[in-house]
There are 2 protein chains.
Amino acid sequence: MESKQNTDNLTVIDEETLFVVSQTFKALSDPTRIRILYLLYQKECSVNEIAETVQLKQTTVSHQLRFLKNLRLVKFRREGTTIFYSPDDEHVMNTLKESINHASHM
Amino acid sequence: MESKQNTDNLTVIDEETLFVVSQTFKALSDPTRIRILYLLYQKECSVNEIAETVQLKQTTVSHQLRFLKNLRLVKFRREGTTIFYSPDDEHVMNTLKESINHASHM
DNA sequence: ATATTATATGATTATATGCTCATATATGTA
DNA sequence: TACATATATGAGCATATAATCATATAATAT
């Protein structure tokens with residue numbers, strides 16, 4: 001869906017786009033999820049690997065992964081009892097990487 | 001501040017960068033703030049203009065503007081009793097615009 | 001000084017969010 | 001089957017967030 005214009009020639013964002021955009025940024029608004037995504041950006045990881053690396057409970061990581069999975073920001077593959085996660089949205093990962101670079105050079 | 005590396009050669013984001021990045025994305029995670037920013041991106045606006053355009057109470061807009069002002073995402077100038085707001089962070093505005101374009105072409 | 005207009009602030013309330021615990025599910029192995 | 005390991009889920013709690021109301025502040029005009 002494209003955006004519409006009102007009588008002042010101002011473009012207004014349609015509801016669906018607004019929802020998708022805000023949800024995507026919400027995913028990136030939490031330090032824990034940023035840590036997880038940035039880790040996966042560098043290396044495909046199992047749930048426990050993530051928990052150990054970012055120093056969080058396994059359940060916390062699992063809940064956050066479900067959140068990211070629902071937004072299709074990560075994908076996974078199974079290997080026995082282990083599940084490996086990796087990024088699944090190039091645009092969002094580029095946005096995150098850019099913002100980290102921008103913020104860390106200040 | 002730059003990021004460090006742990007023993008697995010994984011880059012870990014430093015706390016300050018993590019805070020700045022998450023705060024910035026938090027600003028973009030709320031539909032109301034997105035509407036306001038996207039409006040200001042197109043046209044410098046007074047508080048009441050914003051409230052009318054996005055159909056929100058004046059106080060709601062004022063609170064959100066304070067939030068955006070604290071993060072230096074918007075700036076303002078006074079003209080009598082009227083205060084005009086406009087964007088003040090090119091990088092964040094580009095990120096927002098890109099994401100809106102990306103989401104609206106799906 | 002008083003009134004008017006525009007904006008900002010503080011307190012309150014309802015809802016959302018993130019973490020944790022206990023437990024469930026799934027896969028592999030003895 | 002029974003057990004171990006890895007991951008997922010649901011409930012509860014503490015905190016954060018966004019909107020609203022009432023009110024305060026600031027600038028201007030009469």
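A few remarks follow.
- Only the Cβ atoms of Lys and Arg (+1) and of Asp and Glu (-1) were treated as charged; on that basis the dipole of chain A about its Cα centre amounts to roughly 500 debye.
- Lys/Arg +1, Asp/Glu -1 at C-beta; chain B dipole; positive extreme among B:Gln55, B:Ile100, B:Ile34: B:Gln55
- For a modelled paramagnetic label at B:Glu79, 7 Å from Cα along Cα-to-Cβ, the residues of segment B:19-49 in reach, with backbone nitrogen under 18 Å, are B:39-49.
- Spin-label pair A:Tyr41-B:Asn101: with each label point 7 Å from Cα along the Cα-Cβ axis, the two points sit 2.0 nm from one another.
- Total lysine pairs under 16 Å (Cα atoms) in segment B:12-104, excluding pairs fewer than 8 apart on one chain: 4
- Mean per-residue shielding of peptide B:31-41 is 3, counting Cβ atoms of other chains within 10 Å of each Cβ.
- For the residues B:Asp14, B:Asp30, B:Asp89, a GNM of chain B with alpha-carbon springs under 10 Å puts the largest fluctuation on B:Asp14.
- The share of accessible area on the protein assembly as shown that comes from carbon and sulfur is 48 percent, using a 1.4 angstrom probe.
- Cα-centre dipole for the protein assembly as shown with unit charges at Cβ (Lys and Arg positive, Asp and Glu negative), debye to 20: 460 debye
- What the pair-distance distribution of the protein assembly as shown shows, using all Cα-Cα distances binned every 5 Å from zero, is 1, 7, 15, 17, 17, 13, 11, 8, 5, 3, 1, 1, 0, 0 percent.
- Kirkwood-based Rg to Rh ratio, chain A, C-alpha trace: 1.09
- Average partner coverage of A:94-100, which counts Cβ from other chains inside 10 Å: 4
The values are calculated or read from the model by the stated rules, or taken from the named source; none is laboratory data. This is a predicted model, so every value here is computed, not measured. Here Cβ is always computed from backbone atoms with ideal geometry, including for glycine, and neighbour counts include all displayed protein chains. We work out accessible area using only protein heavy atoms, side chains counted, and drop any ligands, DNA or RNA first. Shrake-Rupley method; radii C 1.70, N 1.55, O 1.52, S 1.80 Å.
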